[in-house]
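Here the structure comes first, spelled out in structure tokens, and everything after it is commentary.
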Amino acid sequence: MTGRTIWAPWRMAYITDDRRPAANDECLFCRIGNKSADDRANLVLGRFDHAFVMLNRYPYSSGHLMVVPRAHVDRPEALAEPEYIALMLTFRLAVSRLQAALSPQGMNTGINLGRAAGAGIADHLHIHLVPRWEGDHNFMPVIADTMVMPQYLNELYDILWPYFKLERTDS
């Protein structure tokens, strides 16, 4: 790739994002989940009694969702049993809705516990859902440290919103 430039200007938004909280700021997930009412701006697709579902603003793949408990905990065992059960039920619903909306051929799901495990927001537990299709990633991340996203987040929000709007149980 000598002599060629690959542009990924969307990465600058992540690097310079002033919405990322400083160490002493309120937790982003607590603010979005418990205080903010602007779901579209925050990419929240569904709110439930103990959890909410949102698009990842800095996705690994198109359709990358997060299921987040409302409780501010950093580990699953810190949730009360009803909160844990509700989180897992919300996770199950998000998987089925994502499957119905985007028809991925596979899905990566997981929880990064702690910063060393890759958690970008280590103090607030969240589950990642990353839909996958055969051939959806190529050499770009390996060779150029660049992801190619085929769709803007607001367009994807509009596609996914109808699959979640009927399930909302609170605010």
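The values are calculated or read from the model by the stated rules, or taken from the named source; none is laboratory data. All values reported here derive from a predicted model rather than from experimental measurement. Heads up, the Cβs are rebuilt from the backbone with ideal geometry, glycines too, and the neighbour counts pull from every protein chain shown.
Before moving on, here are some points about what is shown:
- Filter result for Thr90 (surrounded by 12 or more Cβ atoms within 10 Å (Cβ to Cβ) and either at positive phi or assigned to a strand (DSSP E or B) (or both)): no
- Across segment 42-87, the qualifying residues are those that are part of a loop (DSSP other than H, G, I, E, B) and among the hydroxyl-bearing types (Ser, Thr, Tyr), and the one among them that is nearest to Ala101 (Cα to Cα) is Ser62.
- Boolean, Asp158 is exposed (fewer than 13 other Cβ atoms within 10 Å of the Cβ), among the acidic types (Asp, Glu) and at pLDDT below 85: no
- When Pro69, Pro59 are checked against the criterion of being at pLDDT 95 or above and not β-branched (Val, Ile, Thr), Pro69 stands alone in meeting it.
- Selection of first residues in segment 87-112 that are within 14 Å of Phe48 (Cβ to Cβ) and touching a residue at least 40 places away in the same chain (Cβ under 8 Å) and of second residues that are buried (at least 17 other Cβ atoms within 10 Å of the Cβ) and of a type in the set (Asp, Glu), restricted to Cβ pairs under 7 Å at least 6 apart or on distinct chains, gives an empty result.
- Test: residue in segment 87-104 that is under 20 Å from Trp161 (Cβ atoms) and among the basic types (Lys, Arg): yes
- Residue under evaluation Ala101, criteria (1) within 22 Å of Tyr152 (Cβ to Cβ); (2) within 14 Å of the chain's Cα centre (by Cα), criterion not met: (2)
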